Amino acid sequence: AVRGRTTVDFAKGFTISYVPGGKVLTILSPFEQKTTATRYLLVPRGAARPAGYADAIVIETPIRMLVGLSSMHVALVDFLGAADVLVGLGNLKYASAPRVRQRIAAGKITEAGQGKELHNEQLIAQHPDLVMATGWPGEGLTRYQTLQAAGVPVMINSEWVESTPLGRAEWVKVVAALLNKEDLVNQKFGQVTLEYQRLAALGHRAAKKPNVVVGLPFKDVWHVPDTDSYMAQFLRDAGTTYQWDKTKSPQGSLALSFEAVAPVALTADYWLQTGTAGTKAEILAQDARYAAFAPFKTGHLYNNNRRTNAQGSNDYWESGAVRPDLVLSDLIRILHPELLPTWQLYYYQPVK
């Protein structure tokens, strides 16, 4: 790698290029049929804006004040040891990183609100270098035009559309470019990548490929990962047999009925990620028919909620997004204990 530069190797949602006098960061919007892109021109603080790039939103680097509207954004800065740039969060409950919790307790991070409840006046008064939002379908930059008109740049991340765990985690490079921490991210993300690939090779070689079912229905709809989701890739790399491995959905997850999933769950080897249900009793309270599922009987039932703090924030959705190597270690330990006999589960725990 060239000093002070990084390259994008796995992610599909953004590109970074280095140009005379700055960097061009392009965030691809996954919502339109024709992919629209938002360009950001990253210019050293106080330097002249390079010619060209008339359509780009200018951000001065390194950023000193960032408002992040999702817990993923907490993970992106914390991964780079830069939690101190965070001055606002969408919801103060949803943060696990100790340094960020300290800053919340000290009153150094304010609640910015989310969606229609965004505290625009407060954000304009605070005037951060950047507000980082998460793009969901049907939401574009128009929602943030009040902020943009006041000169507060907004960036909409869409890391959740990435189809691989490494692609999703690689969004740390967006924040690295904003902080001028390319050398650090190359080193740290490089380590995560090597470890992930080592583990995936282990999972692929596993002699048995246990059958896995994922999730719990919500309002009678069972959302399961589709072929292009990062979760399906985790399951492949952990050496499993997954019923919907080849099924495609424009939403990234399939909305199925209980009846569609039950035949698979009845004979599955493992059941992962039971959502808000933390105990077997809570699972049965939702639907008594779950007692018939094989993993329920064998105790091969695991939830990814081991690192949930007193505020109800689950670190799996925070640090887990940038440490896919730890998530994959957990999955292999659960599904193939003989391959990682000494690994202590980090995000997952058995449901009792």
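Scan Ala281, Ala294 and give me the residue that is over 20 Å from Leu76 (Cβ atoms) and surrounded by fewer than 16 Cβ atoms within 10 Å (Cβ to Cβ). Spell out how you get there, then give the answer.
Values: Ala294 fails: surrounded by fewer than 16 Cβ atoms within 10 Å (Cβ to Cβ).
Going through Ala281, Ala294 in turn, the sole match is Ala281.
Would you please name the residue that is farthest from Gly320 (Cα to Cα), looking only at residues in the stretch 236-280 that are polar (S, T, N, Q) and assigned to a strand (DSSP E or B)? If you could, list the steps in order and put the result at the bottom.
Taking the stretch 236-280 as the starting set, the residues that turn out to be polar (S, T, N, Q) are 240-241, 243, 247, 249, 251, 253, 257, 267, 273-274, 276, 279.
Narrowing further to those that are assigned to a strand (DSSP E or B): 241, 253.
Values: Thr241: 23, Ser253: 19 Å.
Among residues in the stretch 236-280 that are polar (S, T, N, Q) and assigned to a strand (DSSP E or B), the one farthest from Gly320 (Cα to Cα) is Thr241.
Could you check how many residues of the stretch 220-235 are out of contact with any helix residue (DSSP H, G or I) (no Cβ under 8 Å at 6 or more places or on another chain) and either crowded, with 22+ Cβ neighbours inside 10 Å or part of a helix (DSSP H, G or I) (or both)? Give the derivation first.
Initial filter on the stretch 220-235 (out of contact with any helix residue (DSSP H, G or I) (no Cβ under 8 Å at 6 or more places or on another chain)): 221, 223, 227-229, 231-232.
Then keep just the ones that are either crowded, with 22+ Cβ neighbours inside 10 Å or part of a helix (DSSP H, G or I) (or both); that gives 229, 231-232.
Adding up the residues that qualify gives 3.
Given the conditions (1) surrounded by fewer than 17 Cβ atoms within 10 Å (Cβ to Cβ); (2) free of Cβ contacts under 8 Å to residues at least 60 places away in the same chain, report the number of the one that Tyr242 does not fulfil.
(1)
From the set of residues in the stretch 179-193 that are within 19 Å of the chain's Cα centre (by Cα) and more than 14 Å from Thr7 (Cα to Cα), which is surrounded by the most Cβ atoms within 10 Å (Cβ to Cβ)?
Val192
For Ala51, are the conditions met, namely being at pLDDT 95 or above, surrounded by fewer than 19 Cβ atoms within 10 Å (Cβ to Cβ) and more than 21 Å from Val100 (Cβ to Cβ)?
Working: at pLDDT 95 or above: no; surrounded by fewer than 19 Cβ atoms within 10 Å (Cβ to Cβ): yes; more than 21 Å from Val100 (Cβ to Cβ): yes.
Taking the combined requirement at face value, the residue does not satisfy it.
How many residues does the stretch 79-94 contain that are within 26 Å of Gln148 (Cα to Cα) and out of contact with any Leu (no Cβ under 6 Å at 6 or more places or on another chain)? Quick ask: steps written out before the conclusion?
In the first step, residues of the stretch 79-94 are kept if they are within 26 Å of Gln148 (Cα to Cα); the result is 82-92, 94.
Checking the rest, the ones that are also out of contact with any Leu (no Cβ under 6 Å at 6 or more places or on another chain) come to 83-84, 87-89, 91-92, 94.
Residues that pass the stated criteria total 8.
Considering each of Ala150, Ala133, Ala112 in turn, give the residue that is without any contact (Cβ under 8 Å) to a residue 40 or more places away in the chain and not assigned by TED's automatic domain parsing to the domain that holds Met231.
On the way: Ala133 fails: without any contact (Cβ under 8 Å) to a residue 40 or more places away in the chain; Ala112 fails: without any contact (Cβ under 8 Å) to a residue 40 or more places away in the chain.
The conditions single out Ala150.
Out of Ala268, Ala262, report the one residue that is out of contact with any strand residue (DSSP E or B) (no Cβ under 7 Å at 6 or more places or on another chain) and either more than 29 Å from Val175 (Cα to Cα) or among the basic types (Lys, Arg) (or both). Give the steps one after another, and end with the answer.
Working: Ala268 fails: out of contact with any strand residue (DSSP E or B) (no Cβ under 7 Å at 6 or more places or on another chain).
The match here is Ala262.
Please go through the stretch 281-303 and give me each residue that is within 21 Å of Arg333 (Cβ to Cβ) and either in a helix (DSSP H, G or I) or modelled with pLDDT under 95 (or both), ordered by number. Talk me through it step by step, then tell me what you get.
Of all residues in the stretch 281-303, those within 21 Å of Arg333 (Cβ to Cβ) come to 294-296, 298-303.
Of everything in the stretch 281-303, those that are within 21 Å of Arg333 (Cβ to Cβ) and either in a helix (DSSP H, G or I) or modelled with pLDDT under 95 (or both) turn out to be Ala294, Pro295, Phe296, Thr298.
Can you work out which of the residues in the stretch 113-135 that are small (Gly, Ala, Ser) and within 20 Å of the chain's Cα centre (by Cα) is surrounded by the most Cβ atoms within 10 Å (Cβ to Cβ)?
Applying the first criterion (small (Gly, Ala, Ser)) to the stretch 113-135 yields 113, 115, 125, 133, 135.
Restricting the remaining residues to those that are within 20 Å of the chain's Cα centre (by Cα) gives 113, 115, 133, 135.
Numbers: Gly113: 17, Gly115: 11, Ala133: 25, Gly135: 22.
For the stretch 113-135, the residue satisfying everything is Ala133.
Just checking, how many residues over the stretch 119-130 are aliphatic (A, V, I, L, M) and in contact (Cβ under 8 Å) with a residue 40 or more places away in the chain?
Taking the stretch 119-130 and keeping what is aliphatic (A, V, I, L, M), we get 123-125, 130.
Pick out the ones that are also in contact (Cβ under 8 Å) with a residue 40 or more places away in the chain and you get 123, 130.
Adding up the residues that qualify gives 2.
One residue is enough: does the stretch 147-163 have a residue meeting the conditions in a strand (DSSP E or B) and surrounded by fewer than 16 Cβ atoms within 10 Å (Cβ to Cβ)? Full working, then the answer.
From the stretch 147-163, those in a strand (DSSP E or B) are 154-157; that's our starting set.
Those still in the list that are surrounded by fewer than 16 Cβ atoms within 10 Å (Cβ to Cβ) too: none.
No, the stretch 147-163 contains no residue that is in a strand (DSSP E or B) and surrounded by fewer than 16 Cβ atoms within 10 Å (Cβ to Cβ).
Testing Ala310 on (1) more than 26 Å from Arg205 (Cβ to Cβ); (2) in contact (Cβ under 8 Å) with a residue 24 or more places away in the chain; (3) surrounded by fewer than 19 Cβ atoms within 10 Å (Cβ to Cβ), one condition comes back false. Which one is that?
(2)
The values are calculated or read from the model by the stated rules, or taken from the named source; none is laboratory data. Since the structure is predicted, the reported quantities are computational estimates derived from the model, not experimental observations. As a convention, Cβ positions derive from the backbone with ideal geometry for all residues, glycine included, and neighbour counts pool all protein chains shown.
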